[in-house]
Structure formats: structure tokens, C-alpha cells
Amino acid sequence: VVTATEVRDGYRELRVTYPDADGQPIPAFLLVPDGDGPFPAAVVLHQHNGERHLGKSEVVGHLGDPHQALGARLVARGVVVLAPDARHFEDRRTGVTGTEPHRNDWLQHYNGLAHALVRGDTLARAVLDDCLRAVSVLSQVRSASRATLGVVGHSFGGSCALFLAALDPRVRWCVASGAACTYRHKLAHGTGLEMALVIPGIADLLDIDDVVGLLSPRPTLLVSAERDPYSADAPAIVARCEARGFGRLRHLRYPGGHALDAQRTDDIVAWLATLLQLGA
């Protein structure tokens, strides 16, 4: 359902909703370049950063960190973008909409995890089900090319991107920034686990290098940094995947910490421009 449309410079910005598994609306921005297409397509998943009042609005460039505005950068290069709110972010907070923080934002997110666990479910399953629905919605956009549909995200969004691409063969490429770190490394170093990554027993079955390996042979870009605890052992993940024959895996390693910066954002866009044969 399209709820509003704004004409921007070179594209249209549509506010849309589509149902989650319980029939509740998932709010999202759909960015469509001017012209007939078909255009490459991307689901762009937002970060966490402890700012649950920001979701889709940050990745389309309305608010927040301008380096997170990958959706705006991609539509300017001729990519159809779908940017949804994850559960408990921005307009998917219970009783709260908009982009102002609320004192109970963290509690709603925690309850999403805790309430799911006591029902024998997980927040991870619900979040990834929402991501699969985003792929389904974007696949139905007339001007979007299914053959070049992919996913990009940073931090929480990057972690979701990796699991989504591993689960869904419709995802033809993946960019995950600030997200390539194994459970074993996090557990050994006391690194926090994002609530949507809490999957009971997963560390005894597989790890993030196994998840990344499931993306082969699809083009995949991992972005990491030397002082980022959430991509700390990315070089080891890449080495293990390459040893298993993953030949289309690219890794960009930077100095600095977790946050995206101008260089990383530019390099992500440049990698996608080459991959998708985007114009200037």
C-alpha cells in the first residue's frame, strides 16, 4: 500500500506498507529512479546504534548519520531501493511513531526478544521473516530487476543482510559492513550480542563463517575495521571461506572503529557501481 509520494531530484520517494506474518504493517521507503527500467534493486537494512527511533529514515538520508544514507546514494545511481523499519525501530515501536526517541525504546526491543523466547520462538526468526518479505515486495516492483536484486546493510543491518542472503537465493549479491564477526570470537572477548542475533544453540551448530559461506558463489562484499569489535575477526572469516572455494568474496579492511565513514560508504557504492554497471 502506497501512503504518500514525494518527487525528488531524479527519483520518486514512496512511503509504503506491507504486512508482516501477523498482518501488521511494515512501514518502508521505496525509492524509484525516474525512467522505465528495469533497474538494479536493493533492500537496504538500517543500523542499530542504540537509536531505535531511527530506522528507514536514516538510510534514505532524512535524519541521522549522512554516511548511513546508502539508500539515497544508490537511487541516485539508478537503483530501486526498499528501506523498511525493523521490528521495534522508528515507526514499528509500540505506541510510538516518528523519529523522536522514547524512554521505553530499549525495553520494547528487549521485550521483543524475551517474549519470543518464552513462547519457544526467537526475535531473529521474526526479523528475518520480515527481511524475506522485503525481498518479495521489491521483487514485485515493476521497474526492479529480479536478476540484480541484492541486500546491503551496516552493523545490525549487515548481520541481517548476511543471514537473509544465506536463507534466500533470490538475493543475488550482498554487502555487509561492520557485521563479520563470529560468535566464538564474541563469546571469547565478551562482545555484546545484538538481540536479533540471539538464536539458542546456534554456536554449537555453525558460525558466521558458515553463514557467509552459504552466499557462495554470489558476489559478496564484507567491510570491516581494525578497532571494530563487531567485525573483529573478519580476515579469518574471509580466509576460511576462500579456503573452501568462495571465489567471489571481497573484503575491505580499514583503520578505525565501527561507524561508517565517507571512505567506506564511497567504496561500498563504487563496488556496487562496478558490479551492477551503474552510471556516474
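The values are calculated or read from the model by the stated rules, or taken from the named source; none is laboratory data. Worth saying up front: this structure is predicted, and the values here are computed from it rather than measured. Note that we place each Cβ from the backbone using ideal geometry, even for glycine, and neighbour counts take in every protein chain shown. With ligands, DNA and RNA removed, areas are computed over all heavy atoms of the protein, side chains included. Shrake-Rupley method; radii C 1.70, N 1.55, O 1.52, S 1.80 Å.
Here is a list: ALA147, ALA161, ALA166. Which entry is over 9 Å from the mean Cα position of the chain (by Cα) and either of a type in the set (Ser, Thr, Tyr) or not in a strand (DSSP E or B) (or both)?
Of ALA147, ALA161, ALA166, the one residue that is over 9 Å from the mean Cα position of the chain (by Cα) and either of a type in the set (Ser, Thr, Tyr) or not in a strand (DSSP E or B) (or both) is ALA166.
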- Item | Which listed residue is touching a residue at least 12 places away in the same chain (Cβ under 8 Å), open to solvent by less than 30 Å² (accessible area, probe 1.4 Å) and either assigned to a loop (DSSP other than H, G, I, E, B) or of a type in the set (A, V, I, L, M, F, W, C) (or both), from VAL127, VAL137 | VAL127
- Task: Search the range 255-280 for residues that are open to solvent by 50 Å² or more (accessible area, probe 1.4 Å) and pair each with any residue that is at pLDDT 95 or above and part of a helix (DSSP H, G or I) when their beta-carbon atoms are under 6 Å apart and the residues are at least 6 apart or on different chains.
- Result: ASP261/HIS67
- Query: If you check GLY64 against the conditions, is it under 20 Å from MET195 (Cα atoms), at pLDDT 95 or above and touching a Ser or Thr at 6+ places or on another chain (Cβ under 9 Å)?
  - Reply: no
- When you scan the range 95-111, how many residues do you find that are among the small types (Gly, Ala, Ser) and either at pLDDT 95 or above or farther than 17 Å from ASP85 by Cα (or both)? 0
- Note on the structure: Taking first residues from the range 9-29 that are on the phi > 0 side of the Ramachandran plot and second residues anywhere that are among the small types (Gly, Ala, Ser) and open to solvent by 40 Å² or more (accessible area, probe 1.4 Å), the pairs with Cβ under 8 Å that are 6 or more apart or on different chains are GLY10/ALA76
- Top-ranked residue in the range 229-254 [being among the small types (Gly, Ala, Ser) and within 20 Å of the chain's Cα centre (by Cα); ranked as surrounded by the fewest Cβ atoms within 10 Å (Cβ to Cβ)]: ALA232
- Query: Which one of ASP121, ASP91 is among the acidic types (Asp, Glu), without any contact (Cβ under 8 Å) to a residue 40 or more places away in the chain and either within 21 Å of ASP22 (Cα to Cα) or surrounded by 16 or more Cβ atoms within 10 Å (Cβ to Cβ) (or both)?
  - Reply: ASP121
